[in-house]
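Notes follow once the structure below has been shown.
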Amino acid sequence: MLTTPWGDADALRERRLPPGRSGDREAARREQRERLLAAMVASCAQRGYKASSVEDLLRIAGVSRATFYELFADKLDCFRAAENEIVAGAIAAIAEELGREGDPVARSRAALAAFVRVVVAQPAAARLCLIESYATGEAGMEPVRRAFEWAVLLARDAAEQMPERADMPRELLRGIVAGIYQVVYARLLDQRESELPKLVPQLWDWAMSFTAPPRPLRRPGRLIVARPISPAPPFAAYSPQQRIIRGFAAAVAEKGYPATTIADIAGAASISQTTFYEHFDGKEDALAATLDSSGAQLLAAVLPAARRADDWRTAARIGFEEVCGFLAAEPAFTALRMVEVYAAGPNAIASRDATGREIVSGLVHPPVAGGRETSALVVEATVGAILGVLYEAVHEGKIADLPRLSPVLTYFALAPLIGAEEACEVATGRGRA
């Protein structure tokens, strides 16, 4: 039986009032609305938002089509209504803990535990917000983005009450929230949300490993950006697949993934649609190839450069400098990997995240091999933090400025391992030594 915030999905039709017995019309409309919101949660859980139709909602809720359109403009309007109420419930649970009296650290930890309890108690509703919202476009994602920004503000308010964290930069607070989000998202996606309560202590320890940096996290010297010689590396001119991959990324960066057509891709790659289908089965196949190719190129830029460093800490800094440099130099790939990937679905997000884990794991492997304690959860949360910081910059159109963020990314990777003072010193250094 699938549970929703408005009742069990299997029992929704049984709640219908007999004809002529509706009584209070407003009360009846509220009850019909709740059944439709519950039906939206159930339908998204069973078949996903894209495959769900208004007819599915009517069947599950036992509501007429006329009534549906009296209450909602369309399927998206119903989705957003359910999403807004679910988000409001989670916010209320968190705010209740934060509003209690007592130690601010204890209250903040209790708020994290309260959020996890909400997710575990209503996993289908949580999946609607944190997973299915990506399939709805900008309008459907907006409530979750608002809630995320609210969480960042709450983190700032909580940090200001903790002496060592009173001056935390916004990028760090955003990254911490994004790291927690990443762990929750992954468990919901795999339907392993029951693991979350036991992860709260580790997540909290990871979040608390970050204190305010003793100095600003700024890259030393003037940022020099060389003008690219050509829009693509020379080898791409000899490879039809690479031309299509780059054309795909360019088309998606211009129009967004959902709106991009095969004709758009062919036009951007300067090929015929026939040539496109000689190499790819369709848009999803091209998406997978583009994520794979751009991820491999990113790894090739990062790991060899990091291996040349004298010390693993410096290697981590160099690695994140290369990450930011590659992303700044490849704006179409970057827009796809950091923003448009969310509209492409869970498989695309998982492919992108796998590259992030490979990079972070590679950069922190030497201290782990040397006996320093870390965990897969720390790597996972660190990847989420880094992606959160990069997402904001890319979403705001600041791809060219990404190299300025490399000290922040370095600090995220190093601070849990070597502490704030040393991590800050390494993050703001320069060169191979």
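Tabulated data
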read-out: Some residue of the stretch 351-359 being among the hydrophobic types (A, V, I, L, M, F, W, C), loosely packed, with under 15 Cβ neighbours inside 10 Å and without any contact (Cβ under 8 Å) to a residue 12 or more places away in the chain; value: no
read-out: Output for the stretch 12-31, where each listed residue is part of a helix (DSSP H, G or I) and at pLDDT below 80; value: Arg13, Glu14, Arg15, Arg25
read-out: Qualifying positions in the stretch 243-254 - surrounded by 15 or more Cβ atoms within 10 Å (Cβ to Cβ) and either under 25 Å from Gly137 (Cβ atoms) or within 27 Å of the chain's Cα centre (by Cα) (or both); value: Ile244, Ile245, Arg246, Gly247, Phe248, Ala249, Ala250, Ala251, Val252, Ala253
read-out: Criterion (of a type outside the set (Val, Ile, Thr) and either within 30 Å of Lys50 (Cβ to Cβ) or touching a residue at least 40 places away in the same chain (Cβ under 8 Å) (or both)) met by exactly one of Glu96, Glu160, Glu132; value: Glu132
read-out: Any pair with Cβ under 6 angstrom, 6 or more apart, that starts in the stretch 328-342 at a residue that is within 10 Å of Val394 (Cα to Cα) and ends at one that is surrounded by fewer than 20 Cβ atoms within 10 Å (Cβ to Cβ) and hydroxyl-bearing (Ser, Thr, Tyr); value: Met338/Tyr391
read-out: Residues of the stretch 323-356 classified as more than 14 Å from the chain's Cα centre (by Cα) and either at pLDDT below 95 or not polar (S, T, N, Q) (or both), total; value: 11
read-out: Pair list, Cβ < 7 Å and 6+ apart or interchain, from the stretch 399-412 residues that are within 14 Å of Cys424 (Cα to Cα) and touching a residue at least 24 places away in the same chain (Cβ under 8 Å) to residues that are of a type in the set (Val, Ile, Thr) and in a helix (DSSP H, G or I); value: Leu405/Val389; Val408/Val389; Leu409/Val323; Leu409/Ile386; Leu409/Val389; Thr410/Val426; Phe412/Thr382; Phe412/Ile386
read-out: Where Leu287 falls short, out of the listed (1) closer than 23 Å to Pro240 by Cβ; (2) free of Cβ contacts under 8 Å to residues at least 40 places away in the same chain; (3) among the hydrophobic types (A, V, I, L, M, F, W, C); value: (2)
read-out: Restricting the stretch 42-62 to residues that are outside any helix (DSSP H, G or I) and at negative phi, the residue that is surrounded by the most Cβ atoms within 10 Å (Cβ to Cβ); value: Ser52
read-out: Some residue of the stretch 211-218 being closer than 19 Å to Ile94 by Cβ and in contact (Cβ under 8 Å) with a residue 12 or more places away in the chain; value: no
read-out: Failed item, numbered, when Pro104 is tested on (1) assigned by TED's automatic domain parsing to the domain that holds Gln202; (2) surrounded by 17 or more Cβ atoms within 10 Å (Cβ to Cβ); value: (2)
read-out: Test: residue in the stretch 22-41 that is over 16 Å from Ser133 (Cβ atoms), surrounded by 12 or more Cβ atoms within 10 Å (Cβ to Cβ), among the acidic types (Asp, Glu) and in contact (Cβ under 8 Å) with a residue 24 or more places away in the chain; value: yes
read-out: Restricting the stretch 265-277 to residues that are under 13 Å from Ser239 (Cα atoms) and over 33 Å from the mean Cα position of the chain (by Cα), the residue that is surrounded by the most Cβ atoms within 10 Å (Cβ to Cβ); value: Ile271
read-out: Those residues of the stretch 357-375 which are within 22 Å of Arg308 (Cα to Cα), of a type in the set (Val, Ile, Thr) and at pLDDT below 65, in sequence order; value: Val368
read-out: Residue match in the stretch 63-72 (condition: closer than 15 Å to Arg117 by Cα and either part of a helix (DSSP H, G or I) or in contact (Cβ under 8 Å) with a residue 12 or more places away in the chain (or both)); value: no
read-out: Candidate set from the stretch 180-194 (those that are more than 16 Å from Arg117 (Cβ to Cβ) and in contact with a Lys or Arg (Cβ under 9 Å, 6 or more places away or on another chain)); member that is surrounded by the fewest Cβ atoms within 10 Å (Cβ to Cβ); value: Gln191
read-out: Leading residue by the ranking (surrounded by the most Cβ atoms within 10 Å (Cβ to Cβ)) among those in the stretch 133-147 that are closer than 15 Å to Glu85 by Cα and not β-branched (Val, Ile, Thr); value: Ser133
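Here's the yes/no breakdown for (1) more than 20 Å from the chain's Cα centre (by Cα); (2) part of a helix (DSSP H, G or I):
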residue: Arg80; (1), (2): no, yes
residue: Glu83; (1), (2): no, yes
residue: Ile86; (1), (2): no, yes
residue: Glu97; (1), (2): yes, yes
residue: Arg100; (1), (2): yes, no
residue: Arg107; (1), (2): yes, yes
residue: Leu112; (1), (2): no, yes
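Okay, residues lined up against (1) of a type outside the set (S, T, N, Q); (2) modelled with pLDDT of 70 or more; (3) more than 30 Å from Met168 (Cα to Cα):
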| site | (1), (2), (3) |
| --- | --- |
| Leu217 | yes, yes, no |
| Arg222 | yes, no, no |
| Arg227 | yes, no, yes |
| Phe235 | yes, yes, yes |
| Tyr238 | yes, yes, yes |
| Ala251 | yes, yes, yes |
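The values are calculated or read from the model by the stated rules, or taken from the named source; none is laboratory data. Fair warning: this is a prediction, and the values are worked out from it, not measured in the lab. No Cβ is skipped: glycine too gets one built from the backbone with ideal geometry, and neighbour counts run over all protein chains shown.
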